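Where a number appears in this text, it was derived from the coordinates with a stated rule and is not lab data. On a predicted model such as this, the values are computed, not experimentally measured, just so you know. FYI the Cβ positions are ideal-geometry reconstructions off the backbone, even for glycines, and counts take in every protein chain you see.
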There are 2 protein chains.
Amino acid sequence: MARWEPDAAGRLREAAMALYAERGYDGTTVAEIADRAGVTARTFFRHFADKREVLFAGSELLGQDMVAALAAAPADASPMEAVTAAVLASAEFFDGTRRDYSRRRAAVIASTPELRERELIKMASMTTSLTEGLLARGVDPDVAALAAETGVAVFRVSFERWITAPDDVPIADVIRSTLKTLSALTA
Amino acid sequence: MARWEPDAAGRLREAAMALYAERGYDGTTVAEIADRAGVTARTFFRHFADKREVLFAGSELLGQDMVAALAAAPADASPMEAVTAAVLASAEFFDGTRRDYSRRRAAVIASTPELRERELIKMASMTTSLTEGLLARGVDPDVAALAAETGVAVFRVSFERWITAPDDVPIADVIRSTLKTLSALTA
DNA sequence: CCAGTGATGTCACTGACTGACATCACCGAT
DNA sequence: ATCGGTGATGTCAGTCAGTGACATCACTGG
């Protein structure tokens with residue numbers, strides 16, 4: 001028999017989601033999460049930097065995918081076109097069965113200021129990544145910063161709309177619709 | 001003699017800024033801030049919800065001014081025009097001597113993830129306020145959300161540029177320049 | 001002169017997070 | 001086969017943020 005059950009991090013993630021949803025973030029202690037996952041609190045902090053991070057592990061992947069899509073855009077694409085490609089790349093993350101999970105997770109986050117803060121900084125880090133990706137494409141720094149901010153704003157608004165939309169609406173459609181609204185807005 | 005020196009909150013704010021700048025946020029304890037301000041840690045938490053908030057007290061005022069400017073925009077102004085007026089209203093907050101203070105404060109915040117998180121949620125709250133202001137003007141919800149996000153993005157980018165710009169550049173000029181960049185971007 | 005108020009202090013407590021050290025199944029080299 | 005790492009974990013003691021309950025006492029209005 002293995003000395004430890006494998007995938008402690010995964011068990012901790014699930015335990016945290018369940019407890020946060022059940023008793024709320026504030027009503028849950030790290031010790032309780034660790035207990036349910038069959039480890040000690042000390043081990044929790046070896047896998048996740050803090051009590052919030054357990055809900056955000058893996059969010060770097062989303063950023064990486066978006067940056068990859070940005071880099072893969074045709075060399076002659078405008079900054080905003082490249083950003084559009086990046087935002088559309090996020091769609092793959094949320095297709096299919098992830099929708100329910102996304103909803104539950106979003107509900108927990110929305111109800112806890114501390115988790116909202118953490119989500120915001122993840123978005124900001126996404127903005128930074130996109131900005132750097134644009135700079136690598138030779139885009140002017142100010143334009144890059146603004147295009148990245150705008151792209152993340154589109155993502156955020158779209159995600160919000162998608163979560164509350166009927167089940168059969170794919171997120172890519174929502175994103176395209178949001179982009180259309182944006183160009184009408186600034187026209 | 002008064003029983004207590006007046007303006008404990010003000011003294012706490014100054015002590016916190018000084019210590020955060022000197023030893024860093026992590027290297028400073030609430031007890032030290034309170035000591036320097038001549039009160040106890042318990043009193044610190046009576047004035048500020050937590051160790052971060054001491055740097056953000058008063059930020060609601062900025063939001064209020066922007067919302068007021070939004071409401072004061074002509075009834076026939078487009079959503080983006082109204083948002084522009086709101087963002088330009090922020091200029092009054094940062095004119096004159098506030099620039100140095102803003103720079104020092106921004107430096108401390110930039111160097112501490114926890115403080116960056118808090119700043120981001122203040123921005124998000126500003127976005128919410130602007131969105132509500134636009135809804136009150138009868139703007140379509142999706143358009144309102146996006147216009148608000150865009151407005152705050154413009155504010156954020158402009159503020160960043162202003163902080164690093166030469167001393168004689170007024171923030172209003174930077175904002176106007178950023179807005180110009182934005183319309184070029186989405187054209 | 002007296003009762004009430006409000007800003008503060010004191011104290012005890014919970015819970016997040018950290019550093020140091022011990023443990024022990026597993027794995028690769030001898 | 002066995003011996004010396006290695007890595008994921010447990011244990012323990014400690015710091016510090018943040019909270020609730022209660023005491024204090026200058027000031028204020030009657």
Study note, to complete from the structure: If each K or R counts +1 and each D or E counts -1, the residues other than A:Arg36 whose Cβ falls under 15 Å of its Cβ total -2
Point to revise | Within the protein assembly as shown: Cβ-based charge dipole about Cα centre, in debye rounded to nearest 20 (Lys, Arg +1; Asp, Glu -1) | key: 880 debye
Review point. In whole Hz, what ³J(HN,Hα) sequence does the stretch B:52-60 give by Karplus (6.51, -1.76, 1.60; θ = phi - 60°), x for Gly and Pro?
Key: 7, 4, 4, 8, 10, 4, x, 6, 5
Practice item. Just need the relative contact order of chain A here, percent rounded to a whole number, with Cα pairs under 8 Å and 6+ apart. Key: 19 percent
**Study point:** Among A:Ala8, B:Ser177, B:Leu88 - extreme Cα towards positive end, dipole of the protein assembly as shown, charges at beta-carbon
**Key:** A:Ala8
Check your understanding: Helix B:8-23: angle to the longest alpha-carbon principal axis of chain B, degrees 0 to 90, nearest 10?
Key -> 90 degrees
Practice item. Report Rg(Cα)/(2.2 N^0.38 Å) for the stretch A:47-124, keeping two decimals. Key: 1.27
Review point. D for the protein assembly as shown, whole µm²/s, Stokes-Einstein with Kirkwood Rh over alpha-carbon pairs at 37 °C and 0.692 mPa s: what number?
Key: 145 µm²/s
**Study point:** Using distinct alpha-carbon pairs, which all enter the 1/r mean, Kirkwood radius of the stretch A:12-60 in Å
**Key:** 10.5 Å
Point to revise | Counting all C-alpha pairs of the stretch A:1-97, share separated by more than 23 Å (%) | key: 46 percent
Check your understanding: Just how large is the dipole of the stretch B:94-165 about the Cα centre, in debye to the nearest 20, putting +1 at every Lys and Arg Cβ and -1 at every Asp and Glu Cβ?
Key -> 460 debye
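Compute the signed sum of charges (Lys and Arg +1, Asp and Glu -1) over the other residues within less than 12 Å, Cβ to Cβ, of B:Ser90.
Its environment carries a net charge of -1.
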Check your understanding: Can you give the calculated 222 nm mean residue ellipticity of chain B, where each DSSP H run of n ≥ 4 adds -39,500 (n - 2.57) and the sum is split over every residue, rounded to the nearest 500 deg cm²/dmol?
Key -> -23000 deg cm²/dmol
Exercise for review: Only Lys, Arg, Asp and Glu count, each charged at its Cβ (+1, +1, -1, -1), so figure out the dipole size of chain B about its Cα centre, rounded to 20 debye.
Suggested key: 480 debye
Revision key, fill the gap. Along principal axes, largest first, the alpha-carbon spread of chain A in whole Å comes out as 57, 35, 31
Practice item. Note the full-extension length gain between B:Glu32 and B:Arg46 as 0.36 nm times their separation in residues minus their Cα-Cα distance, in nm to one decimal. Key: 3.5 nm
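Considering only the other residues whose Cβ falls under 12 Å of the Cβ of A:Pro79, what net charge follows from Lys and Arg at +1 and Asp and Glu at -1?
On the way: positive: A:Arg137; negative: A:Asp76, A:Glu81, A:Asp140, A:Asp142, A:Glu149.
In short, -4.
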Exercise for review: Report Rg(Cα)/(2.2 N^0.38 Å) for the stretch B:111-160, keeping two decimals.
Suggested key: 1.26
Review point. If the label for A:Arg104 sits 7 angstrom from Cα along the Cα-to-Cβ line, what are its distances to the same label in every other copy, in nm to one decimal, shortest first?
Key: 4.9
